[in-house]
Amino acid sequence: MFTILEAGEREIFIQRVAQLTNESVDKIQELLPVWESIILGSSLKLIRNQIRFNALYNFIHHKAVPSKEIDVIFSGSTASVNWDKISSYGEGLFGILMPDKKSAIALLVSRELRCKSSLVVKGLGICFALYGNRLKVVDFAYMKDWNSFGEHFFAQRHDFTALCPPKLQVPISEILLLSDVFKNESSSFQSNVDEIDLKPDDEGGSSTNWKVIGLILGSILVASVIAWFVYNKMTKEEEVVSADTEEIIPIDSLAKLRDSLTKLSADSARIASDSLTHLSWPDGKAFDVPKTSALVPMFEYLTDTTNTESSELRVSEISFDAETNQLVSPYDAFFKKMVEGLNKYKDVHIRIYAFAENDSKLGLKRGFVVKNRLVGEGISPTRIEVKATGSNVNPEASVPINSQILLVLSKKSVLK
């Protein structure tokens, strides 16, 4: 049976949540399997949505689990539990697995089980945190790729009806759009799908940096070969003219050669300096990005406390596949540094406008791909809106439309 708790933890958890919410133990006992069925249902939906699995994968691998706070719940001690930290982690998973479903679920469950909708949301957030901890500790082997995850949870699909009360099964299934999962009785999953590269970028550097470094090293190598060739040719010519003497290469020729190599090295360093800029988020490590990166104007906007206006940010360094509308590459370093900065300035709200060739619906789909990618790196989904492009929002003609995203950043003080 699907569960978010180990044996022996259920009663302790029910008691703790009852104390936290000032609700009866019986009510929490009634709600717990409902919460578990909702979490299972939202996971089953990922079997048909690789993009959202990608967001979940990144969240579980990169977001620290509040394991110490969770351990306190079951420790039996009288120490207070940091529920805010647990709920915050659960909200992150909530946004990935059930985006825009919170209100509908809360209204349904509160009406049918006669409880406050705030209780439904709070308990579900805590349960999502326990679920994330379980994915990290117990079920981590099933998170290695989309197929493993799908096979594991598809085998547990019948537990949804075992956990969920009969009167809630159909409406919850409709809210979570589970009909396509339950109708498919096959346990086979696509094995020929091109998997998105999910390896974390441990260095946190941009691939552009390596191109510049490669250019520098290549230039130095070519210059060294040319210098060696010139030096060798000069030596041979001296030997032909003065066969009976061993003439030494003039000191000024060696000095010129040395100066040429020094100048080449300086020019290469200048190329790197002209191409890259150093950024550092507050209390963070410095990193290099191309001067054309969208991270540069974002950094200037976020760190300028005097600028209270909205800012339009054109992102052209990511790219979508024209057929699948998925990101051509995961762009780990770019999204990681973007979210790192946005999480330092939590008063900033983001609106996403994505473009597609003469198709606003595909543009919206691409916008949600970007949102899921940001949420997967740890930003709260409540800070992000995906908007359809209209007459006032147009792509730039000079940039390929599959490589265009418009982000509008607004600070809370100016939001209405």
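The values are calculated or read from the model by the stated rules, or taken from the named source; none is laboratory data. Only a predicted model underlies this, so the values are computations on that prediction, with no experimental measurement involved. Ideal geometry is used to build each Cβ from the backbone, glycine not excepted, and the neighbour counts take in all protein chains shown. The protein model used for the area step is the full one, side chains on, heavy atoms only, and it has no ligands, DNA or RNA in it. Shrake-Rupley method; radii C 1.70, N 1.55, O 1.52, S 1.80 Å.
Could you give the dipole magnitude of segment 272-416 about its Cα centre, charging the beta-carbon of Lys and Arg +1 and that of Asp and Glu -1, in debye to the nearest 20?
With Lys and Arg at +1 and Asp and Glu at -1, about 580 debye.
Run the accessible area of segment 1-81 with a 1.4 Å probe and give the carbon-and-sulfur part as a rounded percent.
Percent of accessible area from carbon and sulfur atoms in segment 1-81: 47.
Where the centre of each part is set by its Cα atoms, how far does segment 58-94 sit from segment 1-23, in angstrom?
14 Å
Counting DSSP beta bridges with both partners in segment 318-407, what percentage is antiparallel, nearest 5?
DSSP beta bridges in segment 318-407 are roughly 50 percent antiparallel.
Under a plain spin-label model, where a point goes 7 Å from the Cα along Cα-to-Cβ, how far apart in nm are Thr305 and Lys285?
With each label point 7 Å from Cα toward Cβ, the separation is 2.8 nm.
How do 296-306, 312-322 rank on mean C-beta neighbours within 10 Å, highest first?
312-322, 296-306
Give the accessible surface of segment 354-416 per residue, rounded to a whole number of Å², with probe radius 1.4 Å and ligands, DNA and RNA excluded.
50 Å²
If packing is taken as the mean number of other Cβ atoms within 10 Å per residue, what is the order of 107-115, 126-134, highest first?
Most protected by this proxy first, the peptides run 126-134, 107-115.
Set the Förster distance to 25 Å, then compute FRET efficiency between Arg314 and Leu362 from the Cβ-Cβ distance, nearest 0.05.
Rounded to the nearest 0.05, the efficiency is 0.85.
How much area per residue is accessible in segment 1-108 when the probe is 1.4 Å and only protein heavy atoms are counted (Å²)?
Spelled out: the 1.4 Å probe surface of segment 1-108, per residue, equals 41 Å².
Accessible area per residue of segment 306-353 at 1.4 Å probe, in Å²?
I get 46 Å² per residue for this part.
In µm²/s, what is D for segment 28-187 at 25 °C and 0.890 mPa s, where D = kT/(6 pi eta Rh) by Stokes-Einstein and Rh is the Kirkwood radius from Cα pairs?
So the translational diffusion coefficient is about 152 µm²/s.
Given the Cα-Cα distance of Glu396 and Glu151 and 0.36 nm per residue of separation, how much length would full extension add, in nm?
Difference between extended and current length: 83.9 nm.
Can you tell me the order of 140-153, 69-82 when each peptide is scored by its average per-residue count of other Cβ atoms within 10 angstrom, highest first?
By packing density, highest mean first, the sequence is 140-153, 69-82.
About its Cα centre, how strong a charge dipole does segment 1-117 have in debye, to the nearest 20, once Lys and Arg get +1 and Asp and Glu get -1 at the Cβ?
The dipole magnitude comes to about 460 debye.
Which cross-chain or sequence-distant (5 or more) residues have an amide H under 5 Å from the amide H of Val289, H modelled 1.01 Å from N in plane?
Answer set, sorted by chain and number: Thr277, Leu279.
From the phi of every residue in segment 298-312, what ³J(HN,Hα) in whole Hz does the Karplus formula 6.51 cos²θ - 1.76 cosθ + 1.60 yield, where θ is phi - 60° and glycine or proline is x?
The phi angles translate into 5, 4, 5, 5, 5, 7, 8, 5, 7, 8, 9, 7, 6, 10, 8 Hz.
Share of segment 87-132's accessible area from carbon and sulfur, percent, 1.4 Å?
Result for segment 87-132: 51 percent of the exposed heavy-atom area is carbon or sulfur.
Summing +1 for each Lys or Arg and -1 for each Asp or Glu, what net charge is found among the other residues whose Cβ lies under 12 Å from the Cβ of Leu364?
Every neighbour counted, the sum reads +3.
Would you mind checking Lys85/Lys285; Lys63/Lys102; Lys85/Lys136 for any pair whose Cα atoms are more than 27 angstrom apart?
none
Among DSSP bridges having both ends in segment 266-416, what percentage is antiparallel? Round to the nearest 5.
Looking only at bridges with both residues in segment 266-416, the antiparallel portion is about 80 percent.
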